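First up is the structure itself, then whatever we jot down about it.
The values are calculated or read from the model by the stated rules, or taken from the named source; none is laboratory data. A quick note: this is a predicted structure, and the numbers were derived from the prediction, not measured. When we count neighbours, we look across all protein chains shown, and the Cβ atoms used for this are built from the backbone with ideal geometry, even at glycine. All accessible areas refer to the heavy atoms of the entire protein, side chains included, with ligands and DNA or RNA removed. Shrake-Rupley method; radii C 1.70, N 1.55, O 1.52, S 1.80 Å.
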Amino acid sequence: MRRFEVYDTLSRETRLFVPIVPPKVGLFVCGLTPYDNAHIGHGKVAVTFDVVARALRRWGYRVFYVQNVTNIDDRLIARGGESGTDPLVLADRHISAWFAEMDRLGVRSVNYYPYATDYVPEILAQIRTLIERGLAYEARGSVYYDIAKFPRYGALSGQKLEALRPGARVAPEPGKRAPGDFVLWKAATPGEPTWEAPWGPGRPGWHIEDTAITVRLFGPRYDLHGAGLDLKFPHHEAEIAQAEGTTGESPLVNFWMHVGLLTMKGEKMSKSVGNVVGLSDAVDRFGPGVVRFYYLNAHYRSPLDFVAGRSLEEATEAYNSLDSAAGRLRSARSSAPPEGSGDVLEASLETAANDTVEHLDEALSHDFNTREAIALLFGWSKQLTEGVAGPERLSGESLDTLLAPFDWAAEVLGLFGATDSSDGGGSLGEVVQIALDARARARERGDFAEADRIRTELAASGIRIEDHGTTTRWRLVGSGG
RNA sequence: GCUGAGGUGGCAGAAUGGUUAAUGCGUCGGACUGCAGAUCCGAUUCCUGGGGGUUCGAUUCCCUCCCUCAGCUCCA
């Protein structure tokens, strides 16, 4: 197991990561609220923790990665009401879309997606315990957490209860002892999905599902909790209060990781501001590789400012240059000379390849510095152009060595893998080759109008042509990029 | 107001108590090309918010001020 450090929001310092029960790592990410389509801010969190899980697995940790699905909550009910759809049906629809999007983006590291509604017994048990311990109280069929009874409430976000502005954004509810008390169980409202409970029919509050799930799956304490920065308060404070109040053990989580928000012209991207860019739109236009690259090209904790018409376009340029460097090697590898023949690599390059891989692991072991890793990949790409004149003459073994840094990127970042590049091969390749042959003949006879027409049409289909002397290469690019 | 995160070249964005502060994008020049793009070579040597302090040395540590963003019970 490789040693690495992570910034922990609670202690506000970067610390060496030590699992509670090595080599196991419990990773919980809260997030999926399927009341609407995902936007590119959601994608940032998903890709960030995908890379975290990939890196940890590479380093020998056994990660159990859980992401919950809040398939019942206020917004779902509101949206369902607007369109006359059952909230649970609406949730299912968005969940399917989310899974499809994650698959396209290469986010396949989540082991288990528990649904809130599948954990109602655990939720009820937790609420019952909190009431028994005097930490929660009933009022008008609802149950609230009495935050005055939990002194650590506010520690994660550094909030002092007295300093909070109660009711600043939400009207105080009748029945609460204090405005800051949060709801654990919401009394039924006509027309809403409800579950039976000792306090009367109702449904779970927003925060309780997470701890019901994690206490059940991980026990009273676990290793890593991730989410967007905007969930730090009050949601994560509530989680701590619920879980630690129930189990009596502390801390609930050893390392809290909070992802910097995606902003647009300096403002947070959110539905309420109305400045959202759909995740699937971005992936459609630029391709999954570019979108992943865009996220990982900055440190996960920094805010990332999205500029329409520029951010993903810039990412495309940078992404393409690395992707074609990797693609060139991969296509040479697929047609490498038979085993035991071909040129052998210079020893210095072999050393450099190994060093690069080591440095890549090192970069990620410093609080997942993916930007540093990408800089190293550019450095490696530069070394390749300087040191490798003709990759197609190299032995397969040598090519494998040269590919090692890109293989690392495919494994950990989910970028520049074999499936990312479309150089040659396959039935698409045959069709494209026919078009390229026709263009070559047109150029030979000086019919450049025809040659350019073919080039333009291929480009419209997302196929970019690159002339290198007498040979022509092609690659797939995002149709809009 | 309170809490937290930040202010780095034209732009995006790293790092570090110490030689010329990564990397990418963009721009300019050159090579190649029928042209364009891509690629390659070179340039973009006067960039760390203001002011103090600690230090032989600060962008990094401390103080202070200014500014930006986020959170203060919908939020990834």
* At a probe size of 1.4 Å, how large is the accessible area of A:D447, to the nearest 10 Å²? -> 50 Å²
* Asked: So what's the angle, to the nearest 10 degrees on a 0 to 90 scale, between helix A:370-387 and the longest Cα principal axis of chain A?
  -> 10 degrees
* Return the sequence-ordered ³J(HN,Hα) values of the stretch A:106-112 in whole Hz as given by the Karplus equation 6.51 cos²θ - 1.76 cosθ + 1.60 applied to θ = phi - 60°, using x for Gly and Pro. => x, 8, 10, 8, 6, 7, 8
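For A:L27, A:L217, write out the residues from largest to smallest accessible area, computed with a 1.4 angstrom probe and no ligands counted. Walk me through the numbers before you get to the answer.
Working: A:L27 0, A:L217 55 Å².
Listed by decreasing accessible area, they come as A:L217, A:L27.
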* To do: Using +1 at the Cβ of each Lys and Arg and -1 at the Cβ of each Asp and Glu in the stretch A:222-287, identify which of A:L279, A:F255, A:Y222 lies farthest towards the dipole's positive end.
  => A:L279
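Antiparallel DSSP bridges in the stretch A:1-95: what percent, to the nearest 5? Mind dumping the intermediate values first?
On the way: 4 of 11 bridges.
Rounded to the nearest five, the antiparallel share is 35 percent.
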* Could you give the distance between the Cα centres of the stretch A:20-61 and the stretch A:216-243, to the whole Å? -> 14 Å
* If you count, for each residue, the other Cβ atoms within 10 Å and average over each peptide, how do A:292-300, A:83-91 line up from highest to lowest? -> A:292-300, A:83-91
* Asked: Tally Lys/Arg at +1 and Asp/Glu at -1 over every other residue whose Cβ is under 14 Å from the Cβ of A:P337; what's the total?
  -> -3
* Along each of the three principal axes of the Cα atoms of chain A, give the extent in whole Å, ordering the values from largest to smallest. => 86, 49, 36
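Taking the Cα centre as origin and putting +1 on Lys and Arg beta-carbons and -1 on Asp and Glu beta-carbons, what dipole magnitude results for the stretch A:426-476, to the nearest 20 debye?
Details: 9 positive and 9 negative charges, 20 e Å.
The dipole of the stretch A:426-476 has a size of about 100 debye.
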* Structure fact -> With the charge dipole of chain A built from beta-carbon charges (+1 for Lys and Arg, -1 for Asp and Glu) about the Cα centre, the Cα from A:G141, A:I465, A:L476 projecting farthest to the positive end belongs to A:G141
* **Debye-sum result for the stretch A:321-412 in log10 I(q)/I(0), which assumes one identical scatterer on each alpha carbon, at q = 0.11, 0.15, 0.18 Å⁻¹** => -0.29, -0.53, -0.75
* Restricting things to alpha carbons, tell me how big the stretch A:363-450 is in terms of Rg and Dmax, in Å. => 18.3, 58
* Structure fact -> Residues other than A:N71 with Cβ under 12 Å of its Cβ, Lys/Arg counted +1 and Asp/Glu -1, net out at -2
* **For chain A, with +1 on Lys and Arg beta carbons and -1 on Asp and Glu, the positive-most of A:C30, A:F4, A:L184 along the dipole** => A:L184
* Charge dipole (debye, nearest 20) of the stretch A:321-412; +1 at Cβ of Lys and Arg, -1 at Cβ of Asp and Glu -> 420 debye
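Please give the charge dipole size of chain A, origin at the Cα centre, charges +1 on K and R Cβ atoms and -1 on D and E Cβ atoms. Round to the nearest 20 debye.
Values: 52 positive and 65 negative charges, 225 e Å.
The dipole of chain A has a size of about 1080 debye.
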* To do: Add +1 for every Lys or Arg and -1 for every Asp or Glu among the other residues with Cβ under 14 Å from the Cβ of A:R152, and state the total.
  => -3
* Structure fact -> Listed by chain and number, the aspartates and glutamates with an alpha carbon less than 14 angstrom from that of A:K271, same-chain partners under 8 positions apart left out, are A:D36, A:D230
* Report, to the nearest 10°, how far helix A:448-460 tilts away from the longest principal axis of the Cα atoms in chain A, using its own Cα long axis and a range of 0 to 90°. => 20 degrees
* Structure fact -> Among beta bridges assigned by DSSP with both residues in chain A, the antiparallel ones amount in percent, to the nearest 5, to 50 percent
* Structure fact -> Relative to chain A, whose Cα atoms define the longest principal axis, helix A:426-444 and its Cα axis are tilted in degrees, nearest 10, by 40 degrees
* Average projected area [Cα convex hull, the stretch A:426-476], square nanometres -> 3.2 nm²
* Structure fact -> Ranked output for segments A:377-390, A:337-350 by mean other Cβ atoms within 10 Å, highest leading, reads A:377-390, A:337-350
